[in-house]
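The values are calculated or read from the model by the stated rules, or taken from the named source; none is laboratory data. Computed from a prediction, not measured in an experiment: that's the story for all the values here. FYI the Cβ positions are ideal-geometry reconstructions off the backbone, even for glycines, and counts take in every protein chain you see. Heads up: the accessible areas ignore ligands, DNA and RNA and are worked out on the full protein's heavy atoms, side chains in. Shrake-Rupley method; radii C 1.70, N 1.55, O 1.52, S 1.80 Å.
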Amino acid sequence: MKRNSIPTESSFLKVLGLVGMFALTGCHTNVPDDVSVYVDSFIHEAELLGHDFSDVRRNLTVEFTDLPDNKGGSSKSTFFGNHIKLAPLIWKQMNDRQREMLVFHELGHCVLGRKHKNETLLLGECASIMKEGGENTCVADIYSESWRSYYIDELFDADVQLPGWYWVRDIAELKAIDTVARMDDSLLYASSQAKYYGINTTLPFNNRVDDYLLTLEYDSVNDMYGFGLNGLTISLIPETGEFSVSHVGQLDWMTYSFCAEKILPEIPLRFSMLKLGAFYHFYVNEEEKHMMNTHYFQTDTMKQPENMYFATYGGSSPTAKLSVMQIGKR
């Protein structure tokens, strides 16, 4: 008569070990479809930089759930795997590029072991998308192609050098070779919501080729200052001190937004935009505030050159001067 075998302590430990090994080497993953594409992007960008994170999905769980303190995301790495939480309402409000940077931020924590990095660059921009709270600040800002490339390089190498294009330019050192345009005063435009005062003109240069310095000088206080060129809008609201550079693209992910530290306007107030090669540099009273690449905003529907305007809302008619100087080749 055959006797039933009774598992010994030794065989039980072997089975337990096999189960544990399976848990560690298995490929369990739980990533929602609309997040999966950004995990794939992370793997792809890592590969371009010589890193192999092809197994990043192994034991990765991503879930949508409410988070405290208006956070966009959080992450946790344990013995059993990586767990990322994303705030559904914030996620819905984000465009494609913002979502990508948010997922990269959280994978930076749980996959790359990155801690928060709160340093800023020369003009006050975030040095890294790993900034604490970056999912609501840096991630929402400055993600043109040049900025995106820098942030991804820094994500995988915290000691990466600043890119060669990030070079603060002193207006006083520029060489002007020609006055392209010079205009004074303003025209009035009215809508159902506001009155606009501005210069509206076609500027006689080739924006794709020529380098130039455009300056608007105001000699009165108004509720809002700003100008637009080639789809860009630059504005300063004196009451809040908010200075911003923005562009609304044809697609959600093309929307570009940058907000500088608070600026207290002085009269006369000068806005300047310097185009050098493939980059714009933005100034308030000769102090540079931000730079970004130009080609990001060139679309087939934009005719070059475009009209330029400056505006004020609810204030008195401003008196302003416009000058555009062609800059010599570097």
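Evaluating residue 36 against the criteria (1) within 21 Å of residue 115 (Cα to Cα); (2) at pLDDT 95 or above; (3) polar (S, T, N, Q) leaves one unmet condition, (1). Considering segment 125-145, the residues that are part of a helix (DSSP H, G or I) and open to solvent by less than 20 Å² (accessible area, probe 1.4 Å) include one that is modelled with the lowest pLDDT, namely 139. Exactly one residue out of 225, 256, 166 is closer than 19 Å to residue 282 by Cα, at pLDDT 80 or above and touching a strand residue (DSSP E or B) at 6+ places or on another chain (Cβ under 6 Å): that is 225.
So residue 71 passes all but one of these: (1) open to solvent by 40 Å² or more (accessible area, probe 1.4 Å); (2) under 25 Å from the mean Cα position of the chain (by Cα); (3) modelled with pLDDT of 90 or more. Which condition number does it fail? All conditions pass for residue 71, except number (3).
Provide a single number: the residues in segment 42-71 that are in a loop (DSSP other than H, G, I, E, B), β-branched (Val, Ile, Thr) and more than 14 Å from residue 104 (Cα to Cα). So that I can check it myself, show each step before the final result.
The initial filter retains those residues of segment 42-71 that are in a loop (DSSP other than H, G, I, E, B), namely 49-59, 65-67, 71.
Still in the list and also β-branched (Val, Ile, Thr): 56, 65.
Restricting the remaining residues to those that are more than 14 Å from residue 104 (Cα to Cα) gives 65.
Number of matching residues: 1.
If you go through segment 93-122 and keep only what is modelled with pLDDT under 90, part of a loop (DSSP other than H, G, I, E, B) and crowded, with 17+ Cβ neighbours inside 10 Å, you end up with just 94.
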